[in-house]
Amino acid sequence: MQCIIPAQRQGEPMSEGIKSTRDDMVVTITIDRPAEGNVLTLAMLRALTARLKDAGASDAKVIALRSTGADFCRGRDPKGGPQNPTALVMRDEVLQPILDVYDALNNVPQPVICAVQGAAHGFGCAMATAADLTIAAEGATFKLPEMTHNLPPTLAISALMTKVPRKAIAWLIYTLAEIDAKTALSLGMVS
């Protein structure tokens, strides 16, 4: 197994918590922040995008996306963002890194296979659903909890729209339901 370390982008520190390895023709990208439920910081979102693009530019045949610990990803870390941002700063520094991950997932030439264990909430739910194939452990759960904070999950909706029926998305949002892997399979979120 060989380690893939993408070139550091100018002005951006390498993020701990996102790791890449290569084994033959498979690049595995691992979210590694288990003590925090694998919530992603803004730096981790940028690193994840970079790792996906680097894997996409390689001669690998498959990209595997996984995480360590009990949970796949409990969403985006609300800490560490800009304080009292303007709308432009919010768009560029908070929302754009999320959209960049979705864009990378949709545009790498290789299939992205996502392995989900434990909780896939918010961004984690959307990211898992956006993958080409999503495999979930029996105990995996999926949820869009943003409305508990009066935040419509518009970015998550954009990732789910092509995979999940509209009424199922609305049901997930309005009920705040946490669904199991079997239900996620019936809704098209899991392969």
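Working only within region 143-175, note down all residues that are out of contact with any Pro (no Cβ under 6 Å at 6 or more places or on another chain) and assigned to a loop (DSSP other than H, G, I, E, B).
Of everything in region 143-175, those that are out of contact with any Pro (no Cβ under 6 Å at 6 or more places or on another chain) and assigned to a loop (DSSP other than H, G, I, E, B) turn out to be 145, 150, 151, 152, 153, 161, 162, 163, 164, 165.
So residue 72 fits all but one of (1) in contact with a strand residue (DSSP E or B) (Cβ under 8 Å, 6 or more places away or on another chain); (2) without any contact (Cβ under 8 Å) to a residue 60 or more places away in the chain; what number is the exception?
For residue 72, the failing item is (2).
Give me the pairs, please: first residue somewhere in region 130-152 and over 22 Å from residue 68 (Cβ atoms), second residue anywhere and among the polar types (S, T, N, Q) and in a helix (DSSP H, G or I), beta-carbon distance under 9 Å, and either six or more positions apart or on two chains.
Final answer for the pair search is 146/154.
How about region 144-165: which of its residues are of a type in the set (Gly, Ala, Ser) and more than 18 Å from residue 39 (Cβ to Cβ)?
158 - this is the single residue of region 144-165 that is of a type in the set (Gly, Ala, Ser) and more than 18 Å from residue 39 (Cβ to Cβ).
May I ask you to say which residue of 124, 80 is modelled with pLDDT under 95 and within 17 Å of residue 18 (Cβ to Cβ)?
Being modelled with pLDDT under 95 and within 17 Å of residue 18 (Cβ to Cβ) holds for just one of 124, 80, which is 80.
Do you know which of the residues in region 22-39 that are polar (S, T, N, Q) and free of Cβ contacts under 8 Å to residues at least 60 places away in the same chain is nearest to residue 97 (Cα to Cα)?
30
Please verify whether region 100-109 includes one or more residues that are crowded, with 21+ Cβ neighbours inside 10 Å, of a type outside the set (Ser, Thr, Tyr) and either under 28 Å from residue 182 (Cβ atoms) or without any contact (Cβ under 8 Å) to a residue 40 or more places away in the chain (or both).
yes
Taking only pairs six or more apart or across chains, which ones have beta-carbon atoms under 7 Å, a first residue in region 40-68 that is within 17 Å of residue 111 (Cβ to Cβ) and β-branched (Val, Ile, Thr), and a second residue that is assigned to a loop (DSSP other than H, G, I, E, B) and modelled with pLDDT of 95 or more?
62/25; 62/110; 62/111; 63/108; 63/110
If you check 162, 141, 148, which single one turns out to be exposed (fewer than 12 other Cβ atoms within 10 Å of the Cβ), of a type in the set (Val, Ile, Thr) and either in contact with a Gly (Cβ under 9 Å, 6 or more places away or on another chain) or within 16 Å of residue 75 (Cβ to Cβ) (or both)?
148
Answer yes if at least one residue in region 15-22 is surrounded by fewer than 17 Cβ atoms within 10 Å (Cβ to Cβ) and either at pLDDT below 85 or over 20 Å from residue 117 (Cα atoms) (or both), and no otherwise.
Checked against the condition, which is being surrounded by fewer than 17 Cβ atoms within 10 Å (Cβ to Cβ) and either at pLDDT below 85 or over 20 Å from residue 117 (Cα atoms) (or both), region 15-22 yields at least one hit.
The values are calculated or read from the model by the stated rules, or taken from the named source; none is laboratory data. Small disclaimer: the values here were computed from a predicted structure and weren't measured. Virtual Cβ from ideal backbone geometry, glycine too; neighbours counted across all protein chains shown.
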